[in-house]
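The values are calculated or read from the model by the stated rules, or taken from the named source; none is laboratory data. Please read all numbers here as calculations on a predicted model, not as lab measurements. No Cβ is skipped: glycine too gets one built from the backbone with ideal geometry, and neighbour counts run over all protein chains shown.
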Amino acid sequence: MTALPDRVPLTPDARSAWERALALWRVRLDDPAVRPGAAATHGAPAWFSFPPSVTVDPRYLADRGLADDLWSMFAHEIGHHVLAPSTRIDALKIDHQMARAITAATARVNAGDGARRLSNLWNDLLVNTRVAQLQRAEQTGAPIATRDLGIVRLGLALYPAPAGTADRLWWVYCRAYELLWQLPAGTLCPLEAPPRPERARVQTTLVPLGQIPEKHREKERALRAAQAERERVAAELAGATATNPAVDAALVADAVRSFATDPVSGAALFGVIAAPYLAEQEGLAEGAGEPVVGCGIDDAPATAEELGRILADQRLRADLPRHPGMVRDPDGQGDPADTTDDGAKKDGQRLTIARTLELYRESGEDAVLAAWYRNEAAAWVRPYTRPAPSTPTGGIPGPVELWEVGDALADLDWPLTLRSGTVIPGVTTRRRSELDDEPIVRETSLELDLYIDSSGSMVHPRNGSPAVLAGTILALSILRGGGRIRVTSFSGTGEVAGMPRFGRDPAEIIAAISLFFGRSTSFPLDLYAARYSGLPPAGEDDQRHVVVLSDDGLVSMFGVGNEPYQGVARTVREVLTTGTLVLMDRRHQVAQLAERDGYDVVYLQTMADAPAACAALAEALHG
Amino acid sequence: MADTEALLAAWSERSGGESEAWARARPGPSLESVAARISRVPQEFLDERISLRALAGDVLGGQIVSAGFDHDSRVRQGAAIGLWLVASEGLIEPLDPALSTGWAALAVDALALRVAPVAAPAQWTSDDERRTEAARTFLLWCGFVPAGEDAATAASLLAACDSLARDRALAEAYEGHRHRADIARTLEEARRKEAAARYSSE
């Protein structure tokens, strides 16, 4: 980005405009940055950024005869800080909602860029509608015509699209303003929406039927007939419009009225209405005839902590609303969506890991993966504990005993002693003994040594790994129970990473769990032996638990292909309290070896199995 | 309940054309003042036991066409709210200019036969947009454009909030979506058939 023009001090006029805009929203903000000529470099005459700040180019307005409306421009930008998106995290959440809606409408559009555009439109709609209401309320005395309100005048000057534009979404956006601001039709946009863009037909060339071997010709003919039929229906689908600008503009206006104060929830509805327009534009030149609007410029990628908060928001996890145009009867009779496959509907509505990674690629893959697995695991996390070693507690009075010289003087039971009449130490002196009560059952934290296989035969965390999910649930559950954990990720020889000692830092633990080498499989028996050699057998007080997440390649743990260390697994098992293998091993190839050396086995196949596997582990660890 | 189409037909017979209404309209009370009156309609006016004929006789001193359809509760309530607007000028204070200087009976029929069949009168008090629609319709047929608007603007804004046009557009959009969903299902079926027709050249 080229350098912006220098900031100049506020002129008295600009200061009074700023004060008036602040008074409109009844907030206080730091002074705006005034940068004459910034619109040329930045592309928009004003913008906002976080932490809350506002930048305006007054020259852009003055050149267009809008100098008097500077305060409305200020009011618009302040509105972004007060109403929509209001905070950086909400801005990211709105983007996320839009990305979900776009993903459900089309698989081909880059969700990130489209989402940013839709978020800008949605935020501006909310802010401008509210500013118009506030400006109308601010007027005292004679009622003012709608088109004389500052924000409406600004809109009339800046929003109308150039003549002949083909951008149908922009038409819907302008028409929605006409409805919201109560302007006559044709003020901000032409009376009729631009026509739908034409789709180019893809022509496939086929090998002449004569060149197909005789014996296949009949089958080939049937296949070609089926292909032609499929192409015909696909073309028909492309021709059947999902967009109806005049109706959609009214639906957008409804959405703005309904969600005037909840931008994040309303974003899903707006996205569902607007996303089909992006879908029908795909293939056209990028941003054809699209006027510049974006005044949100915050391009810093989401941090790991922000990702966690975004993915955890229930509003972003709920199903997308149905397109309001599809909901006709309140009793839902004859709903076309009722007949669609439920599974397919769900799949399109939650962002998969791949889509999430694409959307937040600037945040870094590790951070996204960690946030994603943590969030998926969250529903299954519960404290994992074990019974504490029983600590006897006294308190029950026992039989009377002789108090001897040398016993603590405080133990002497004087009433009993004096009952005999004389006090002869060691002969008539008595004391009351104490018996142990039933030990109180208490739970205490666990310490878990977790080994996770990250060889090439395991599923990459990017593609939804059951092992990583199970490991995350397990690790977070141990932490919830107050325990500590040590994670070791292994692949081929010498490819071992993770934590040198037990710890409680979730970020470090999850980073270690989702680490992926993607090479051969060789369990680090040398490290395993070094960690546990020479230790006394585990007792009640000092328990040792080992869990290994792997697949059928874990035969290497029992010395297969690593003969010098054969027997390490068995030796180590003798000093452990529990040793459990969580395996993605359809053919149960490791079962025999594991049983020989005393390891328990839990099987895991899909992501959906992970919670059950973890429940089994919780039982095993509890003892 | 009377058929919606029959009510609308009765209205088109009664109204005598919308363009004539716009032509004769002159500046009237503000939209907000009429809308505010609508939301203040007293329960007594909406009471099912009140005879619409008697109410119209009391308020207007004459009869209204919609009284012939008073077995339909939508018509009854719509007309009652219209009569309340006229009566409120005596009970609260006259609007400026007074509604009674216009075609009050025609305006009451407009509410009862044109708006009530497509937007239930219960919504006029709960939904801002439906209230605006009722107020704009009432003003137009009473012979007014809302204060501060010209006839073209007022016509466009009434068209934008017209429930009848909106219902038709939504029905059309709904058909579009349903048609699309049908084709999408056909496409799934065609894809399945194509997959089944694939063969191995071995």
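Among A:Ala91, A:Ala62, A:Ala21, which is the only one that is part of a helix (DSSP H, G or I) and either touching a Lys or Arg at 6+ places or on another chain (Cβ under 7 Å) or farther than 27 Å from A:Ala260 by Cα (or both)? Can you show your working first?
Numbers: A:Ala91 fails: either touching a Lys or Arg at 6+ places or on another chain (Cβ under 7 Å) or farther than 27 Å from A:Ala260 by Cα (or both); A:Ala21 fails: either touching a Lys or Arg at 6+ places or on another chain (Cβ under 7 Å) or farther than 27 Å from A:Ala260 by Cα (or both).
None of the other options fit; the residue is A:Ala62.
Name the helices (runs of 4 or more DSSP H) wholly inside region B:18-92 in which the number of residues that are in contact (Cβ under 8 Å) with a residue 12 or more places away in the chain and within 19 Å of B:Arg131 (Cβ to Cβ) is 2 or more. Break it down stepwise before answering.
On the way: elements: B:18-24, B:31-39, B:43-46, B:52-60, B:73-91.
Fully inside region B:18-92 and qualifying: B:31-39, B:43-46, B:73-91.
From B:Thr132, B:Thr137, grab the single residue that is in contact (Cβ under 8 Å) with a residue 24 or more places away in the chain and over 17 Å from A:Asp254 (Cβ atoms). Quick ask: steps written out before the conclusion?
Working: B:Thr132 fails: over 17 Å from A:Asp254 (Cβ atoms).
Criteria check complete, one pass: B:Thr137.
If I filter region A:56-108 down to residues being more than 21 Å from A:Thr129 (Cα to Cα) and β-branched (Val, Ile, Thr), which single residue comes out as surrounded by the most Cβ atoms within 10 Å (Cβ to Cβ)?
By that ranking, first place goes to A:Ile102.
Residues of region A:385-405 being assigned to a loop (DSSP other than H, G, I, E, B) and either more than 30 Å from A:Glu619 (Cβ to Cβ) or small (Gly, Ala, Ser) (or both), which ones? Explain how you work it out, then say what you get.
Our first condition is that a residue be assigned to a loop (DSSP other than H, G, I, E, B); within region A:385-405, this holds for A:385, A:388-395, A:403-405.
Those that are assigned to a loop (DSSP other than H, G, I, E, B) and either more than 30 Å from A:Glu619 (Cβ to Cβ) or small (Gly, Ala, Ser) (or both): A:Ala388, A:Ser390, A:Gly394, A:Gly395, A:Trp403, A:Glu404, A:Val405.
Taking A:Pro524, is it over 25 Å from the mean Cα position of the chain (by Cα) and assigned by TED's automatic domain parsing to the domain that holds A:Ala615?
The answer is yes for A:Pro524.
Counting just the residues of region B:117-129 that are in contact (Cβ under 8 Å) with a residue 12 or more places away in the chain and part of a loop (DSSP other than H, G, I, E, B), which one comes out nearest to the other protein chains (Cβ to nearest Cβ)?
B:Ala120
Do we find that A:Ala235 is small (Gly, Ala, Ser) and not assigned by TED's automatic domain parsing to the domain that holds A:Leu121 in this structure?
Values: small (Gly, Ala, Ser): yes; not assigned by TED's automatic domain parsing to the domain that holds A:Leu121: yes.
Yes: the conditions hold for A:Ala235.
Report yes if B:Ile81 is under 29 Å from A:Trp181 (Cα atoms), buried (at least 22 other Cβ atoms within 10 Å of the Cβ) and β-branched (Val, Ile, Thr), otherwise no. Spell out how you get there, then give the answer.
Details: under 29 Å from A:Trp181 (Cα atoms): yes; buried (at least 22 other Cβ atoms within 10 Å of the Cβ): yes; β-branched (Val, Ile, Thr): yes.
So B:Ile81 fits the description; yes.
Given (1) more than 10 Å from chain A (Cβ to nearest Cβ); (2) touching a residue at least 12 places away in the same chain (Cβ under 8 Å), where does B:Asp167 come up short, assuming only one miss?
Failing condition for B:Asp167: (1).
What number of residues in region A:207-247 are closer than 30 Å to B:Ala159 by Cα, within 8 Å of chain B (Cβ to nearest Cβ) and part of a helix (DSSP H, G or I)?
First, pick out the residues of region A:207-247 that are closer than 30 Å to B:Ala159 by Cα: A:239-247.
With the extra rule that they be within 8 Å of chain B (Cβ to nearest Cβ), the set shrinks to A:240-242, A:244, A:246-247.
Those still in the list that are part of a helix (DSSP H, G or I) too: A:246-247.
The total comes to 2.
Looking at (1) within 21 Å of the chain's Cα centre (by Cα); (2) within 7 Å of chain A (Cβ to nearest Cβ); (3) not hydroxyl-bearing (Ser, Thr, Tyr), can you tell me which one B:Arg180 breaks?
Condition not satisfied by B:Arg180: (1).
Can you tell me which residue is surrounded by the fewest Cβ atoms within 10 Å (Cβ to Cβ) among those in region A:432-469 that are within 30 Å of A:Pro389 (Cα to Cα) and touching an Asp or Glu at 6+ places or on another chain (Cβ under 6 Å)? Break it down stepwise before answering.
Taking region A:432-469 and keeping what is within 30 Å of A:Pro389 (Cα to Cα), we get A:432-452.
Those still in the list that are touching an Asp or Glu at 6+ places or on another chain (Cβ under 6 Å) too: A:432-433.
Values: A:Arg432: 15, A:Ser433: 12.
So the residue we want is A:Ser433.
Go through region B:132-161 residue by residue and tally those that are within 13 Å of chain A (Cβ to nearest Cβ) and either under 19 Å from B:Leu113 (Cβ atoms) or buried (at least 21 other Cβ atoms within 10 Å of the Cβ) (or both). Steps first, answer last, please.
Step one: list which residues in region B:132-161 are within 13 Å of chain A (Cβ to nearest Cβ), which gives B:132-133, B:135-136, B:145-161.
With the extra rule that they be either under 19 Å from B:Leu113 (Cβ atoms) or buried (at least 21 other Cβ atoms within 10 Å of the Cβ) (or both), the set shrinks to B:132-133, B:135-136, B:145-146, B:149, B:154-155, B:157-161.
Selection size over region B:132-161: 14.
Among what's in region A:491-504 and is in contact with a Leu (Cβ under 8 Å, 6 or more places away or on another chain) and within 15 Å of A:Ile452 (Cβ to Cβ), pick the residue that is surrounded by the fewest Cβ atoms within 10 Å (Cβ to Cβ).
Of all residues in region A:491-504, those in contact with a Leu (Cβ under 8 Å, 6 or more places away or on another chain) come to A:496-498, A:504.
Filter again for within 15 Å of A:Ile452 (Cβ to Cβ), leaving A:496-498.
Numbers: A:Val496: 18, A:Ala497: 14, A:Gly498: 21.
By that ranking, first place goes to A:Ala497.
Could you list all residues from region A:385-413 that are among the hydrophobic types (A, V, I, L, M, F, W, C) and either touching a residue at least 12 places away in the same chain (Cβ under 8 Å) or surrounded by 11 or more Cβ atoms within 10 Å (Cβ to Cβ) (or both)? Spell out the reasoning first.
First, pick out the residues of region A:385-413 that are among the hydrophobic types (A, V, I, L, M, F, W, C): A:388, A:396, A:400, A:402-403, A:405, A:408-410, A:412.
Answer for region A:385-413, where residues must be among the hydrophobic types (A, V, I, L, M, F, W, C) and either touching a residue at least 12 places away in the same chain (Cβ under 8 Å) or surrounded by 11 or more Cβ atoms within 10 Å (Cβ to Cβ) (or both): A:Ala388, A:Ile396, A:Val400, A:Leu402, A:Trp403, A:Val405, A:Leu412.
Kindly evaluate A:Trp181 against the criterion of being more than 13 Å from chain B (Cβ to nearest Cβ) and under 26 Å from A:Ser258 (Cα atoms).
no
Out of region A:29-41, which residues are in contact (Cβ under 8 Å) with a residue 40 or more places away in the chain and surrounded by fewer than 22 Cβ atoms within 10 Å (Cβ to Cβ)? First the steps, then the outcome.
Just the residues of region A:29-41 that are in contact (Cβ under 8 Å) with a residue 40 or more places away in the chain, to begin with: A:29, A:32, A:41.
Within region A:29-41, A:Leu29, A:Thr41 qualify.
Here is a check on your reading of the model: is B:Tyr199 over 24 Å from B:Val86 (Cβ atoms) and not in a helix (DSSP H, G or I)? Full working, then the answer.
Numbers: over 24 Å from B:Val86 (Cβ atoms): yes; not in a helix (DSSP H, G or I): yes.
In short, yes.
Kindly establish whether B:Arg26 is touching a Gly at 6+ places or on another chain (Cβ under 7 Å) and not hydrophobic (A, V, I, L, M, F, W, C). Write out each step before concluding.
Values: touching a Gly at 6+ places or on another chain (Cβ under 7 Å): yes; not hydrophobic (A, V, I, L, M, F, W, C): yes.
Spelling it out, B:Arg26 is indeed touching a Gly at 6+ places or on another chain (Cβ under 7 Å) and not hydrophobic (A, V, I, L, M, F, W, C).
Is it fair to say A:Thr103 is assigned to a strand (DSSP E or B) and polar (S, T, N, Q)?
No; evaluated as a whole, the condition is false for this residue.
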